[in-house]
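Notes follow once the structure below has been shown.
The values are calculated or read from the model by the stated rules, or taken from the named source; none is laboratory data. As the structure is a prediction and not an experimental result, all values here were calculated from the model. Positions of Cβ are generated from backbone atoms using ideal geometry, with glycine treated the same way; all protein chains shown enter the neighbour counts. In case anyone asks, the SASA skips ligands and DNA or RNA and just uses the protein heavy atoms, side chains included. Shrake-Rupley method; radii C 1.70, N 1.55, O 1.52, S 1.80 Å.
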Amino acid sequence: MFFKKIFRFAVAVSSLAVLSIGLLSHFSDAVTIPTFIHSSKHSLTGLDGEDGPVIAVKIDDTAFAHPQVGIKEADVVYIEQVEGGLTRLAAIYSSQLPAKVGPVRSARISDIELLSQYGKVGFAYSGAQRLMWPVIDSANLYNLGATHYGPKFYANELARVIPYAMMLDLKALKAESDTRGNLLAQSRNMGWNFGSAPEGMKPFTKIHISWPASAYELSWSQDEGRILLTHSGVADLDADGYHLGPKTFVIQIVSITDSIYHDKVGGVTPFSATVGEGDCYIVRDGGYLPCRWSRTSTEAGTTFTSLSGQEILFDRGQIWFALTSQEPEITR
């Protein structure tokens, strides 16, 4: 009797399954069932891709250092003032890690505050003055500098003149960092979001940004749909001949003051304050708009709003920030 009940139950289940398949087949013929596709966006650029570990690299920006290598692959690039009114770059890498980046140069005090908003990231640089060593060691970052990782990852390029010759194998450095157990902070929302250009953008022909001994000029390429950069009067081409320039450029007016640090020839190291608030200019889609920036603490990201207080959205793609104390000269 027991086995008969089991047999009847099995038959009933089988019949129900056949009926369900028939109904589902009929339903699918009549109705299109939506398919949901997962699409991730990288937090720093808004482009397709997953967030990943962040490494910042200090790169020389003098005429002797040009053409530079690996700038095109950076997600975010900061232009910082250093001794003598010259500039250096702090390039942020997460979505792509090129094998070759440089010329790599030394760290500066402004880097510590600037990078702290990204979390405990990897920091790659050629060296630092002795007074900076304890500052870097106590900072919330992983020290991936040349003095810690050596010539296996940092090596001078023979065709270049020292000290403008050091190149970094960023991919290999990241792999070694992983081997040493460093858990680099992942890219995340840094205060800016992506979308259409804000209303009221004003067209421009050229925008000139200056520091005491360095200058950039911005122009818009309608064909490429991005900004093209000129560095100290020369088209800013990388070592592969690519004309550098982002989709979004932010001119961030900051306070630049003398610090207690000096370079090896006695030049005073300036400090660019990136915590606080101030004026800025957003440049994208062939136009510019005055704006305001705000960063409430060293751990907080930086937000950008219009003069009326509305959030300003960035274009998707690479972003450059010029940290300067001087107002730009805009030709309309």
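Residues that are within 18 Å of Asp75 (Cβ to Cβ) and of a type in the set (Ser, Thr, Tyr) were ranked within region 229-266; the one that is most open to solvent (accessible area, probe 1.4 Å) is Tyr242.
Exactly one residue out of Thr298, Thr303, Thr269 is touching a Gly at 6+ places or on another chain (Cβ under 6 Å) and either open to solvent by less than 50 Å² (accessible area, probe 1.4 Å) or over 16 Å from Pro246 (Cβ atoms) (or both), and it is Thr303.
The single residue among Asp285, Asp315 that is out of contact with any Ser or Thr (no Cβ under 6 Å at 6 or more places or on another chain), touching a residue at least 60 places away in the same chain (Cβ under 8 Å) and closer than 26 Å to Thr205 by Cβ turns out to be Asp285. The single condition among (1) touching a helix residue (DSSP H, G or I) at 6+ places or on another chain (Cβ under 9 Å); (2) closer than 18 Å to Ile55 by Cα that Val135 does not satisfy is (2).
Selection of first residues in region 44-68 that are at positive phi and of second residues that are surrounded by fewer than 18 Cβ atoms within 10 Å (Cβ to Cβ) and part of a loop (DSSP other than H, G, I, E, B), restricted to Cβ pairs under 6 Å at least 6 apart or on distinct chains, gives the following pairs, ordered by first then second residue: Gly46/Arg316. Restricting region 153-179 to residues that are free of Cβ contacts under 8 Å to residues at least 40 places away in the same chain and closer than 21 Å to Ile71 by Cα, the residue that is nearest to the chain's Cα centre (by Cα) is Ala175.
Within the option set Arg226, Arg160, Arg180, being basic (Lys, Arg), modelled with pLDDT of 95 or more and exposed (fewer than 14 other Cβ atoms within 10 Å of the Cβ) holds for one residue only, Arg180. Say whether the condition of being in contact with a Pro (Cβ under 7 Å, 6 or more places away or on another chain) and aromatic (Phe, Trp, Tyr) is met by at least one residue in region 276-286. So far as region 276-286 goes, yes, one or more of its residues are in contact with a Pro (Cβ under 7 Å, 6 or more places away or on another chain) and aromatic (Phe, Trp, Tyr). The residues of region 129-140 that are of a type in the set (A, V, I, L, M), open to solvent by less than 100 Å² (accessible area, probe 1.4 Å) and in contact (Cβ under 8 Å) with a residue 40 or more places away in the chain amount to a single one, Met132. Look at region 180-198: where a residue is farther than 20 Å from Asp285 by Cβ and a partner is part of a loop (DSSP other than H, G, I, E, B) and open to solvent by 30 Å² or more (accessible area, probe 1.4 Å), sitting 6+ places away or on another chain with Cβ atoms under 8 Å, you get Leu183/Lys120; Leu184/Lys120; Ala185/Lys120; Gln186/Asp51; Ser187/Asp51; Ser187/Ser95; Arg188/Asp51. For region 112-139, a residue qualifies if it is polar (S, T, N, Q) and more than 14 Å from Lys58 (Cβ to Cβ), and the qualifying residues are Ser116, Gln117, Ser138.
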